[in-house]
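Q: Below is the structure I would like to discuss, written out as structure tokens.
Nothing in this text is a laboratory measurement; each read-out follows from the coordinates by a stated rule. Keep in mind that what you see is a predicted model, and the values were worked out from it rather than measured. No Cβ is skipped: glycine too gets one built from the backbone with ideal geometry, and neighbour counts run over all protein chains shown.
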Number of protein chains: 2
Amino acid sequence: MVTSGGCLRILGIDPGSRVTGYGVIEKSGGRLSLVSCGVIKMQAQLSMPERLQVIYNGLSEVIRSEAPAVAAVEDVFVAVNPRSALKLGHARGAAVLAAVQHGLAVFDYTPRLVKQAVVGYGQADKGQIQQMVRVLLRLSASPSADAADALAVAICHANRSVLP
Amino acid sequence: MVTSGGCLRILGIDPGSRVTGYGVIEKSGGRLSLVSCGVIKMQAQLSMPERLQVIYNGLSEVIRSEAPAVAAVEDVFVAVNPRSALKLGHARGAAVLAAVQHGLAVFDYTPRLVKQAVVGYGQADKGQIQQMVRVLLRLSASPSADAADALAVAICHANRSVLP
């Protein structure tokens, strides 16, 4: 795992074909802080290839400007239908590819693990996640739901990694 | 649609997380010919991110050396389970991304359409597809099943496009 000066920058990604959330946090001496977060929104009229390009290029831009060492992506075990799973797979594939092509190590976490890491139990709702992300990162306001989900995955990785 | 000298080069892709087939054909004056074809095989021990990288880099290499103008990718409506659909989505996403990032227009065809275009009816089996691909491209031997599927998608696009 790459670290610099005893701190680790983690990019959390919540991939989706309409909205992809991202959040970069820094772990330093056991303390977490927000670097940046946001959402990549796909316009409704975009084709699937265009959406993947927007996700890939958008995350590449974030990686170049924030220089995270690792990426954490939410895995999906929920019982969606095969058609939705395929669509989500496209978006996740584009997101993971942006990370590996820029040399980041990629880690997968189930939604249950992410919720346990952030809220303390695996059945937390979106509002609780937003609130806990705000508290854990000492933010003055809650990030948007998609950005909060991405930050939650990053926090999950931070709490499970032994470094630094 | 990009054409050069009255001919169109088409990259057909049959994405998969273990084996991704590809085939490049040229359509010139209503006549089809093989440019190249093959498979990108992923070693069993590779992680999902590594597999996507192998697919993306492998197809990027094919696109750079054969310079196709368009890509045709098999769409998937088959009733696979969500977990398999997500995996296939990752591979398809990586494949489509390689095409759009190199400026290719991407077209989707259902397996039924591909079979109709190549064999004449939508329920053809893999052996029939391999045989018809061999006949249509005047090859001395049948390509492997995965390469043949990729060539079949390319042929489907060639037969449905009005150019040149």
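Q: Which residue pairs have Cβ atoms closer than 6 Å, lie 6 or more positions apart in sequence or on different chains, and pair a first residue in segment B:22-34 that is in contact (Cβ under 8 Å) with a residue 60 or more places away in the chain and under 12 Å from B:A69 (Cβ atoms) with a second residue that is of a type outside the set (A, V, I, L, M, F, W, C) and crowded, with 23+ Cβ neighbours inside 10 Å?
A: Matching pairs, first to second residue: B:V24/B:P68.
Q: Sort out which residues of segment A:61-71 are in contact (Cβ under 8 Å) with a residue 60 or more places away in the chain and either among the charged types (D, E, K, R) or within 9 Å of chain B (Cβ to nearest Cβ) (or both), and write them in order of number.
A: A:A71 - this is the single residue of segment A:61-71 that is in contact (Cβ under 8 Å) with a residue 60 or more places away in the chain and either among the charged types (D, E, K, R) or within 9 Å of chain B (Cβ to nearest Cβ) (or both).
Q: So, one more: From the residues in segment A:81-111 that are without any contact (Cβ under 8 Å) to a residue 24 or more places away in the chain and among the small types (G, A, S), which one is farthest from the other protein chains (Cβ to nearest Cβ)?
A: Among residues in segment A:81-111 that are without any contact (Cβ under 8 Å) to a residue 24 or more places away in the chain and among the small types (G, A, S), the one farthest from the other protein chains (Cβ to nearest Cβ) is A:G103.
Q: Hey, another quick one. State yes or no: is A:E74 closer than 18 Å to A:I10 by Cβ, more than 11 Å from every other protein chain (Cβ to nearest Cβ) and touching a residue at least 12 places away in the same chain (Cβ under 8 Å)? Spell out how you get there, then give the answer.
A: Working: closer than 18 Å to A:I10 by Cβ: yes; more than 11 Å from every other protein chain (Cβ to nearest Cβ): yes; touching a residue at least 12 places away in the same chain (Cβ under 8 Å): yes.
For A:E74, the condition - closer than 18 Å to A:I10 by Cβ, more than 11 Å from every other protein chain (Cβ to nearest Cβ) and touching a residue at least 12 places away in the same chain (Cβ under 8 Å) - is met.
Q: Right, here's the next one. With the requirement that a residue be surrounded by fewer than 24 Cβ atoms within 10 Å (Cβ to Cβ) and assigned to a helix (DSSP H, G or I), what does segment B:99-117 give you?
A: Going residue by residue through segment B:99-117, those that are surrounded by fewer than 24 Cβ atoms within 10 Å (Cβ to Cβ) are B:100-113, B:115-117.
Once the filter is applied, which keeps residues that are surrounded by fewer than 24 Cβ atoms within 10 Å (Cβ to Cβ) and assigned to a helix (DSSP H, G or I), segment B:99-117 yields B:V100, B:Q101, B:P111, B:R112, B:L113, B:K115, B:Q116, B:A117.
Q: Got at least one residue in segment B:121-135 being in contact with a Pro (Cβ under 9 Å, 6 or more places away or on another chain), of a type in the set (K, R) and either buried (at least 20 other Cβ atoms within 10 Å of the Cβ) or away from chain A (no Cβ under 12 Å) (or both)?
A: Here is the first cut: in segment B:121-135, the ones in contact with a Pro (Cβ under 9 Å, 6 or more places away or on another chain) are B:122, B:130, B:133-134.
When the remaining residues are screened for being of a type in the set (K, R), the result is B:134.
Next, from what is left, pick out any that are either buried (at least 20 other Cβ atoms within 10 Å of the Cβ) or away from chain A (no Cβ under 12 Å) (or both): B:134.
Looking through segment B:121-135, at least one residue is in contact with a Pro (Cβ under 9 Å, 6 or more places away or on another chain), of a type in the set (K, R) and either buried (at least 20 other Cβ atoms within 10 Å of the Cβ) or away from chain A (no Cβ under 12 Å) (or both).
Q: Something else about it: What is the residue count in segment A:18-60 for residues that are within 14 Å of chain B (Cβ to nearest Cβ) and among the β-branched types (V, I, T)?
A: The number of residues fulfilling the criteria is 3.
Q: Can you give me the number of residues within segment B:78-96 that are under 14 Å from the mean Cα position of the chain (by Cα) and either among the hydrophobic types (A, V, I, L, M, F, W, C) or more than 15 Å from A:I55 (Cα to Cα) (or both)? Write out each step before concluding.
A: Keep residues of segment B:78-96 that are under 14 Å from the mean Cα position of the chain (by Cα), which gives B:91-96.
So of that shortlist, the ones also either among the hydrophobic types (A, V, I, L, M, F, W, C) or more than 15 Å from A:I55 (Cα to Cα) (or both) come out as B:91, B:94-96.
Total meeting the criteria: 4.
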